[in-house]
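Below: one structure, written as structure tokens.
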Amino acid sequence: MADTDSIPETKDFHLDKPQTADIFPLKGCHNLDWGMKNRLAHIFSPKSGRTVMLAVDHGYFMGPTSGLERIDVTINPLLAYADTLMCTRGILRSVTPATFNKGVVLRASGGPSILKELSDEQIAVSMEDAIRLNVAAVAVQVFVGGEFESRSIHNMTQLVDAGNRFGVPVLGVTAVGKELARDAKYMRLATRICAELGATYVKTYFVSEGFETVAASCPVPIVIAGGKKMPEAEALNMAYQAVDQGAAGVDMGRNIFQSDAPTAMIQAVRKVVHENMPPKEAYEYYRSLKAGS
Ligand code: 5RP
């Protein structure tokens, strides 16, 4: 029988203090359930409200992309500097250390390779397996204007329903086809459709004119993809402009892992995203880390 004699009588009820009610800091996410918010807190820094997601999922349609030939060799050393890893379940199970305890955003759609029509994707992961892998969110490609537009949107809404059932956020990834204009008008359309149909947050591309209207008209957080490799100074400038105009961070791949100095680059991106470091200063920071490595 438990010894209850030594338990002191509770008497400090702090009657003068109302119970705290923390405001969840992410745009449009205050009405989500606790588990969903807790998972988002493994993606977005509670301090800055932003994230540096390291995207290495390109192999799901591109095969062994330059810089990702050996993820164990080139990417694992960068994990210490990422807030979140975005990858496929194949890479997660085969080469990602299970000691990685930050958020994982799992690629959950796929099908066609670069040799075929890319918008012809299907859901490629069950919510059960995503939960088994303890992921922070799942990501699904949405091809607004693509040949299989409706199917890709249906893929997303199916994952949203399953995610809502189990408390798993869904990242809607707006994919831009070769034939579609990458302008603010298109990005507003694509991001807003994702948010309206239930994406917890949305990934899109930065546009140099009017990006602030894309961020403003999307009621949930937006992160930007890095896109094709560009000079480091330009990539840092793009990241700065994006967060300055309302993005909640980056989901950057090639501009980090194809950089001359990936470890220096990801640290410079962190300075921009989390500390608003101006791009020129961030580039100098990148150069100094590169010189010292
Ligand atoms: C592929 C993706 C990538 O994760 C995304 O494009 C980010 O990588 P990058 O910065 O190299 O563009 O969603 O479809």
Could you size up the charge dipole of the range 175-230 around its Cα centre, putting +1 on the beta carbon of Lys and Arg and -1 on that of Asp and Glu, and report it in debye to the nearest 20? 220 debye
Principal-axis tilt of helix 232-244 within the chain, Cα atoms, nearest 10 degrees: 50 degrees
Calculated from backbone phi, Karplus (6.51, -1.76, 1.60) coupling profile of the range 279-293 in Hz, x at Gly/Pro: x, 5, 5, 5, 5, 4, 4, 4, 5, 5, 5, 4, 5, x, 8
Can you work out the accessible area per residue across the chain, with the rest of the protein chains kept in place, probe 1.4 Å, in square angstrom? 51 Å²
Starting from 0.36 nm per residue, how many nanometres of slack lie between Ser217 and His30 once their C-alpha separation is accounted for? 65.6 nm
Order Tyr286, Tyr81, most accessible first, counting only protein heavy atoms with a 1.4 angstrom probe. Tyr81, Tyr286
Using the Karplus curve 6.51 cos²θ - 1.76 cosθ + 1.60 with θ = phi - 60°, what ³J(HN,Hα) values do you get for each residue of the range 10-27, in whole Hz, with x for Gly and Pro? 5, 9, 9, 9, 6, 4, 7, 10, x, 4, 5, 10, 5, 8, 6, x, 8, 3
If every Lys and Arg gets +1 and every Asp and Glu gets -1 at its Cβ, then about the Cα centre the chain yields a dipole, in debye to the nearest 20, of 540 debye
For Lys102, give me every one of the aspartates and glutamates with a C-alpha distance below 14 angstrom, ignoring sequence neighbours fewer than eight places off in its own chain. Asp83
Assuming 0.36 nm per residue, please report the length gained on full extension of the stretch His154 to Ile7 beyond their Cα-Cα distance. 47.3 nm
Checked against the positive end of the charge dipole of the range 28-128 (+1 on Cβ of Lys and Arg, -1 on Cβ of Asp and Glu, about the Cα centre), the farthest of Met36, Gln122, Ile71 is Met36
With the chain treated as a Gaussian network of Cα nodes joined by springs under 10 Å, which of Phe13, Phe61, Phe206 yields the largest mean-square fluctuation? Phe13
Between the range 53-102 and the range 191-243, what's the alpha-carbon centroid distance in Å? 22 Å
Hey, got the dipole for the range 181-293? About the Cα centre, +1 on K and R Cβ, -1 on D and E Cβ, debye to the nearest 20? 280 debye
Can you pull the accessible area of Ile91 for me, 1.4 Å probe, Å² to the nearest 10? 40 Å²
Say R0 is 30 Å: what FRET efficiency, to the nearest 0.05, do Glu284 and Ala80 get from their beta-carbon distance? 0.85
Kindly write out, for the range 126-134 in residue order, the coupling ³J(HN,Hα) from the Karplus curve 6.51 cos²θ - 1.76 cosθ + 1.60 (θ = phi - 60°), rounded to whole Hz, with x marking Gly and Pro. 7, 5, 4, 6, 4, 5, 4, 7, 6
With every atom except the alpha carbons ignored, what do you get for Rg and Dmax of the range 15-140, in angstroms? 17.1, 67
Value at 222 nm in deg cm²/dmol, rounded to 500, when DSSP H runs of n ≥ 4 in the chain each add -39,500 (n - 2.57): -10500 deg cm²/dmol
Compute, for Lys27, the solvent-accessible surface of its heavy atoms (probe 1.4 Å) with the complete set of protein chains present, and express it in square angstrom to the nearest 10. 90 Å²
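The values are calculated or read from the model by the stated rules, or taken from the named source; none is laboratory data. As the structure is a computational prediction, the values presented were derived from the model and not from experiment. Glycine gets a Cβ as well: all are built from the backbone with ideal geometry, and neighbour counts include every protein chain shown. These area figures cover heavy atoms from the full protein model, side chains too; ligands, DNA and RNA do not enter into them. Shrake-Rupley method; radii C 1.70, N 1.55, O 1.52, S 1.80 Å.
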